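Notes follow once the structure below has been shown.
The values are calculated or read from the model by the stated rules, or taken from the named source; none is laboratory data. Here the structure is a predicted model, which means the values were calculated and not measured. When we count neighbours, we look across all protein chains shown, and the Cβ atoms used for this are built from the backbone with ideal geometry, even at glycine. Side chains are part of the model used for accessible areas, which takes the heavy atoms of the whole protein and leaves out ligands, DNA and RNA. Shrake-Rupley method; radii C 1.70, N 1.55, O 1.52, S 1.80 Å.
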Amino acid sequence: MTEVLVLRTGGVVEVRLDRAAKKNALTGAMYRALTEALTAAEADDDVRVVLLGATGETFCAGNDIADFLEPRPDFAESPPQKFIAALVQFSKPLVAAVHGAAVGIGTTMLLHCDLVYASATARFRTPFVSLGLVPEAASSLLLPARVGHAVAAEMLLLGAWIDAGRAERLGLVNAVLPSAAELATFARERAAEIAANPPGAVRMTKALLRDRDALRARVGEEGRRFAECLVSPEAREAFTAFLERRPPDFTKAAR
Ligand code: COA
């Protein structure tokens, strides 16, 4: 069963996470489907923009925590890392429509989007440290650049929630719409607007806005540390505690 929906309207491809029962937590199969959708959109000259969204009440609860416990011998080639590489590489505008919680990669993927719209229920969190992990998707570079060191530290070291209003003030999102329905309409209108613009100038502008070499280098650096952390006793304890619905106990999980 596919848990990523891909819909096409004119020059706009909508990619929608569709695993609402698990709060749209991403499995390996979902990462693969997302990567395929971006690769296909990149290759098709008639596609001008991709709009990311989700079904249900949550945008994305991040990586599926049960999947974190699976062995990943070749981490750089794992489905999440390939998705992150495809995000960095993607040359056309990415627009996101976010309602409800956006956690972990649910937030870090938004840092690769060019326009992010949210509903009033949206909230953002990057709790890597709480899980014994380090930031991914170049968020250790993109987040402080976007919101400043103080707020980035609040998000990356404390795992603080950022609500929709604060996210808008910080520049994490472009605009907040009152309801999910208004969000969907507004984001589709902006995507259609970009799709009607001259594609060559749009792509060149996007390329000028992003330093892809710096992003790739940071993704690689973070990835080496993330792979090391994934198998650490403290991360194993954090993942198991989440799945057993109990608070983690890090007193016995020394490195
Ligand atoms: N991986 C695997 N399963 C997840 C998940 C994740 N990242 N996030 C949520 N789920 C599952 C829960 O285990 C639960 O499954 P169950 O119904 O079979 O017990 C179901 O989704 C609903 O989650 P729940 O926590 O009850 O929903 P909520 O509305 O109270 O809270 C969130 C929603 C997103 C705030 C909360 O689920 C959460 O914080 N998830 C973990 C996020 C996280 O740490 N992600 C990794 C970041 S690197």
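Taking all protein chains as present, what is the carbon and sulfur share of the accessible area of region 178-249, in % to the nearest whole number, probe 1.4 Å? Please report the intermediate quantities before stating the final value.
Numbers: 2640 of 4500 Å².
Its accessible area is 59 percent carbon and sulfur atoms.
Could you work out which residue, out of 185, 55, 108, moves most in a Gaussian network model of the chain, that is, has the largest mean-square fluctuation with Cα springs under 10 Å?
185
Taking every alpha carbon pair in region 40-140, what does the distance histogram look like in 10 angstrom bins from 0, in percent?
In whole percents, the pair-distance histogram is 14, 44, 34, 8, 0.
Once each part is reduced to its C-alpha centroid, what is the distance from region 139-200 to region 51-102 in angstrom?
16
Considering only protein heavy atoms, what per residue accessible area in square angstrom results for the chain with a 1.4 angstrom probe? Walk me through the numbers before you get to the answer.
On the way: 11970 Å² over 255 residues.
For the chain, the solvent-accessible area averages 47 Å² per residue.
Taking a 1.4 Å probe, which of 237, 193 shows the most accessible area, and what order do the others take after it? Don't jump to the answer; show the numbers that get you there.
Details: 237 35, 193 100 Å².
Of 237, 193, the descending order of accessible area is 193, 237.
In a solvent-free Debye calculation with one equal scatterer on each Cα, what is log10 I(q)/I(0) for the chain at q = 0.17 Å⁻¹, listed in the order of the q values?
Scattering profile of the chain, log10 relative to I(0): -1.42.
Net charge within 15 Å of residue 20 by Cβ-Cβ distance, Lys/Arg positive one each and Asp/Glu negative one each, not counting residue 20 itself? Intermediate results must be reported in sequence, preceding the final value.
Numbers: positive: 16, 19, 22, 23; negative: 3, 18, 57, 64.
With Lys, Arg at +1 and Asp, Glu at -1, the net is 0.
Using the Karplus curve 6.51 cos²θ - 1.76 cosθ + 1.60 with θ = phi - 60°, what ³J(HN,Hα) values do you get for each residue of region 114-124, in whole Hz, with x for Gly and Pro?
Karplus-based 3J(HN,Hα) across region 114-124 equals 8, 9, 10, 10, 9, 9, 4, 7, 5, 8, 10 Hz.
For the chain, set up a Gaussian network in which alpha carbons nearer than 10 Å are linked by springs, and say which option among 54, 217, 160 fluctuates the most.
Comparing 54, 217, 160 in a Gaussian network model of the chain, the most mobile one is 217.
Identify the residues of region 111-130 with backbone N under 12 Å of a label point that sits 7 angstrom from the Cα of residue 186 along the Cα-to-Cβ direction, or state none.
Residues 116-122 qualify, since their backbone N sits under 12 Å from the label point.
How large, in percent, is the carbon and sulfur part of the accessible surface of region 1-128 at a probe radius of 1.4 Å? If you can, show how the numbers build up before the last one.
Details: 2590 of 4750 Å².
Of the solvent-accessible surface of region 1-128, carbon and sulfur hold 55 percent.
Could you check which residue among 126, 39, 27 shows the biggest mean-square fluctuation in a GNM of the chain with a 10 Å Cα cutoff?
Its mean-square fluctuation being the largest, the pick is 39.
Considering amide H positions built from the backbone, and no H for Pro or chain starts, which residues 5 or more places from residue 63, or on another chain, come under 5 Å of its amide H?
26, 105, 106
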